[in-house]
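Here's the structure, in structure tokens; my notes come after.
The values are calculated or read from the model by the stated rules, or taken from the named source; none is laboratory data. Note that the structure is predicted; figures quoted are calculated from it, not measured. In this analysis, Cβ positions are derived from the backbone assuming ideal geometry, glycine residues included, and neighbour counts consider all displayed protein chains. Heavy atoms of the whole protein, side chains included, go into the accessibility calculation; ligands, DNA and RNA do not. Shrake-Rupley method; radii C 1.70, N 1.55, O 1.52, S 1.80 Å.
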Amino acid sequence: MVAGGDCMAKVNGKNVFIPFALPGEKLAIEITKSMRDYDCAKITRIIESSPERVQPFCPLYGICGGCNTQHISQKFQEDLRLGILKDAFEREGISLSKVEVISGGEKNYRSRIQLTDGGFNKRESNEVVEIKNCPVATEELNSYFESVPMTSRPRGRIHLFGDSRVTGETNLGNQVALAEFVEKTGPKITGGTKKKVKNKVKARFSGTAVSQINPCTVSLLGKSVSFDVKGFFQSNMQVLESSLKTMIDLSVGGKNLLDMYSGVGTFSVFLAPLFEKTYLVEHNRDALVFAEQNLAGIKHESYGLSGAKWVSQIAPKIISTEGEFDTIVIDPPRSGMEREVRDFLCAHKAKRILSVSCDAPTHARDAARLIKAGYRLSKLYLLDFYPQTAHIESLALFES
């Protein structure tokens, strides 16, 4: 199995990628797409089945575009995701003695979903399939599906968040929040010459008010964390809480904490109390205003800049006056760390780096650069946020 969940075979020396297969199976296949370097195929008949193949528990499996590993036993799913993570690091020349797994329940875990015209998109299609119950969604979301017929749900593409940890009032009630899309309107400019106006961005966000359009608040390990339902937030609260406990244990505290690509400050809420001062860097200003709310009362500074701009424009002054960072927590996008940020980490040795990633190959690439610069990869975890899928997230501890 390769990243993404397809299994790879060879036919006449050419790589063929086959969804819904398992390693070791013998299959009759039909080529559905032929490229210069590889083919894609579908299974027409299973000749020899893997002992790890099981009956999917969802009647829409293979039709809905969500899950893609329900046909695999739960323990073997985890082993395969672990193997994909290990392979990514070993391809970068990083030998691993042990990879630990942080996991949770295999069903009713997903608290954040997207709907299109009230349903889910079909696999590799723009068509919509009706959803009355989703076995991987939380009970709160399934209550919404059961009580609100598809014809009564909002049209277009919407975001829902539902979980037992949701606190306070929500716009749907019953611990379910819906992202309400607000169309931005303004005066139309006609005639004349179009002039580009560059918005001035304030680097500091202290005291900024939080938008009340799509707010949602959850209680994690006894602390409140607020976010925009339309923005990014983790979808598996059980694994998130377990991951946060691990990060707290790995971070022994100190003077300065840097939270790079901080989002709404989810990690800082729990790590900042261990440090004298925390610095948050996040280019998404909508997320950063929520971070300000979440870290109220904790000594910190927030910067609404890209990581690349922050390390060149802001970091030197902080380091000269406050000293180096004891711990850096970093959670970059799927593309990995910006080159400037990675170079900064290599040049300014922190005692600890807690690196979180949603893409195994870019995590391994960045890890290799840090190790070459003198860091030691002390621990690596598979964060098993998404059972029944091949999606992989990981946490690495680097020490200097």
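Brief remarks on what is shown
- Ranked by solvent-accessible area (1.4 Å probe, protein heavy atoms only, all chains present), the residues Thr116, Thr138 order from largest to smallest as Thr116, Thr138.
- Shown here is the pair-distance distribution of the chain: with all Cα-Cα distances grouped in 20 Å bins from zero up to the longest one, the shares run 24, 53, 22, 0 percent.
- Normalised by the number of residues in region 22-94, the mean separation of alpha-carbon contacts (under 8 Å, six or more apart) gives a relative contact order of 23 percent.
- Cβ-placed point charges (K, R +1; D, E -1), dipole of the chain about Cα centre in debye, nearest 20: 1340
- Antiparallel content of DSSP bridges confined to the chain, in %, to 5: 65
- Amide proton proximity set for Cys64, modelled H, under 5 Å, gap of 5+: Arg123
- When both region 379-400 and region 252-285 are represented by their alpha-carbon centers, they are found 20 Å apart.
- At full extension, Asn133 and Asn12 could sit 39.2 nm farther apart than now, given 0.36 nm per residue minus the alpha carbon distance.
- Here the sum of -39500 (n - 2.57) over DSSP H runs of 4 or more residues, divided by the residues of the chain, equals -7000 deg cm²/dmol at 222 nm, to the nearest 500.
- Once the chain from Ser34 to Glu146 is taken as fully extended at 0.36 nm per residue, the excess over their C-alpha distance is 36.1 nm.
- Based on Cα contacts under 8 Å between residues 6+ apart, the chain shows a relative contact order of 15 percent.
- Alpha-carbon gyration tensor eigenvalues x 5, square-rooted, for region 224-308, Å: 18, 17, 11
- Descending principal axes extents, region 339-396, alpha-carbon based, whole Å: 40, 21, 14
- Each eigenvalue of the Cα gyration tensor of region 1-152, multiplied by 5 and square-rooted, gives one semi-axis; in descending order these are 30, 22, 15 Å.
- Peptides 387-397, 311-321, 243-253 ordered by packing proxy, namely the average of other Cβ atoms within 10 Å per residue, highest first: 387-397, 243-253, 311-321.
- Surface share of carbon and sulfur [accessible, 1.4 angstrom probe, percent] for the chain: 49
- Taking the Cα centre of region 319-368 as reference, the dipole from Cβ charges on Lys and Arg (+1) and Asp and Glu (-1) amounts to some 200 debye.
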